[in-house]
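Input: a single structure, listed below in C-alpha cells.
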Amino acid sequence: MTVTKEAPPAPVTELKIRKPATRKRLVPYWLLLPGILWLLVFFALPLVYQASTSVQTGSLEKGFEVTWHFATYWDALQDYYPQFIRSLLYAGTATILCLLLGYPLAYLIAFKAGRWRNVVLVLVIAPFFTSFLIRTLAWKTILADGGTVVEVLNTLHVLDVTSWLGWTESNRVLATPLAVVCGLTYNFLPFMILPLYTSLERIDGRLHEAAGDLYATPATTFRKVTLPLSMPGVVSGTLLTFIPASGDYVNAELLGSTDTKMVGSVIQTQFLRVLDYPTAAALSFILMAVVLLMVTFYIRRSGTEDLV
C-alpha cells in the first residue's frame, strides 16, 4: 500500500504575489471594455439592424417584415449603378488632387517651415472650426456664375477644355462635376495633409544628409529616401480622404445638379424622402462592400498590409 503525500500549501508570500499579477494581466482588458461596449452599441448593433432592414419587404403604411428578399441588392445595383460609378470617380479624382496639393505642403511643414510650423498646422486645421455645411455653401459663392473665378477660367480658356471633357458647362462651373470635385478636394484636404506631415516629420534628417554625401541629387533623394519612407502617410491619407468622399452627399447636393448625384445622395433620398428603407440599406451595404474591397486591394498593392 502506497501512501501519497499531499503537496505542501503555497507560501503566503507566493499567494500575495499571484493576485496582483493576475490583476495586472486583466488591466488591459478592463481598459478596452468601454471601447468595445461603445462599438457594440453604436456600430455592431446598428449594422445588424441595417442588414435585417435590407432584406425586408413591405411599405411604410403596412409595415416592413423580414422576408430575406436578397433581390433588393440586385435591383438597387441595377437602378443606381451610374451613381456608384460616379461616386468612385469623383472620390478618386478628389483623392488624387488632395495628394498632389497636400504632399508639397506637408513636405514644406515638416522640413522647411521652421518656427512657423505650428502656425501653418493651425491654418491647415482651421477649416474644421467652421461647419462642413457652411464651408460647402461658401464654395457656391466662390464658383458662382459671373464671379471672379469663372471670369479668370474663361480668360485662360480653361472652361473650354473642361467643357469638352464633360466636367463643366460653357462659361459655368457651378452645378457641374468640376464643382463637386472642388468641394470634395477642399473639404477633405486636411485629412490628407495631417497623416502626410506625421509620416514626413518622423524621417531622420540625417538620411537626407547621407544621400547628399553619396552624391544623390535632390530628385533622387526624394525618390529613393523621402517617398518610400512616407508611404504609410500616403496610404493613410488616401484612405482617410477616399472613404468619406465616396459616401459624401453634401457637396453633390449643394454644388452639383441632378446629373452629378452621388450614391450618398441616393441613400439619403431613399431614407428620408422616398422612405424605401430596404433599398437604402442595401445601397449602404453595397457601398460598404465595394469600398472595403478597394481599400483591401489598395493596401496590399501598396505593401502596407500592417495598416489593415
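The table that follows gives values for the structure above.
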{"read-out": "Spin-label model distance (nm) - Leu137 vs Phe297, 7 Å beyond Cα toward Cβ", "value": "4.0 nm"}
{"read-out": "Theoretical gain in end-to-end length, Glu65 to Ile36 [0.36 nm per residue, Cα-Cα removed]", "value": "7.4 nm"}
{"read-out": "Computed label-point distance, nm, for sites Leu121 and Asp75 using a 7 Å Cα→Cβ extension", "value": "5.2 nm"}
{"read-out": "Tilt relative to the chain, helix 45-54 - C-alpha long axis, 0 to 90 degrees, to 10", "value": "50 degrees"}
{"read-out": "Portion, in percent, of the accessible area of region 131-264 that falls on carbon or sulfur, probe 1.4 Å", "value": "65 percent"}
{"read-out": "Correct choice for Cα Rg over 2.2 N^0.38 Å that was computed from the model, options (i) 1.04; (ii) 1.39; (iii) 0.91", "value": "(ii)"}
{"read-out": "Sparse-neighbourhood loop sites, trypsin sites (Lys or Arg not before Pro) in region 170-244 - DSSP loop, at most 15 other Cβ within 10 angstrom", "value": "Arg202"}
{"read-out": "Choice from Asp204, Asp145, Asp276 with maximal GNM fluctuation in the chain (Cα, 10 Å cutoff)", "value": "Asp204"}
{"read-out": "Mean accessible surface per residue for the chain, computed with a 1.4 Å probe while every protein chain stays in place, in Å²", "value": "63 Å²"}
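The values are calculated or read from the model by the stated rules, or taken from the named source; none is laboratory data. Small disclaimer: the values here were computed from a predicted structure and weren't measured. All Cβ positions, even for glycine, are placed from backbone atoms using ideal geometry, and neighbour counts span all protein chains on display. Note: areas computed on protein heavy atoms with side chains; ligands, DNA, RNA excluded. Shrake-Rupley method; radii C 1.70, N 1.55, O 1.52, S 1.80 Å.
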